[in-house]
């Protein structure tokens, strides 16, 4: 079994550096305003750029609409979308269809999961 480590809720350069130094395979950025770990799209973009090539970037969302998801995908360019709300099976399928991985395995497009 392969273990993949994701450290989520990172919001500063220092916490991101610590997660990467600890060997995180994935880092999570929280896009839920009620969370104390919420980051703006601009902040998340800077953190994602700092992590890119060192760990996969995960955008954690909660019951987000397509317009906001598209803004995150375009600006932050996450490797993964994590749907963490009350999304139905149908909604997950819609998100996967619209924002799922496109092209070849070498392309870096978000995957929903």
Tally, over segment 39-61, of residues that are under 14 Å from residue 26 (Cβ atoms) and either modelled with pLDDT under 95 or out of contact with any helix residue (DSSP H, G or I) (no Cβ under 8 Å at 6 or more places or on another chain) (or both): 5
Exactly one of 29, 16, 10 is under 16 Å from the mean Cα position of the chain (by Cα) and part of a loop (DSSP other than H, G, I, E, B), and that residue is 10
Residue 64 fails exactly one of (1) surrounded by 17 or more Cβ atoms within 10 Å (Cβ to Cβ); (2) touching a helix residue (DSSP H, G or I) at 6+ places or on another chain (Cβ under 6 Å); (3) in a loop (DSSP other than H, G, I, E, B), namely (2)
Is it true that residue 17 is farther than 22 Å from residue 96 by Cα and without any contact (Cβ under 8 Å) to a residue 60 or more places away in the chain? yes
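The values are calculated or read from the model by the stated rules, or taken from the named source; none is laboratory data. Model, not experiment: these values are computed from the prediction. All Cβ positions, even for glycine, are placed from backbone atoms using ideal geometry, and neighbour counts span all protein chains on display.
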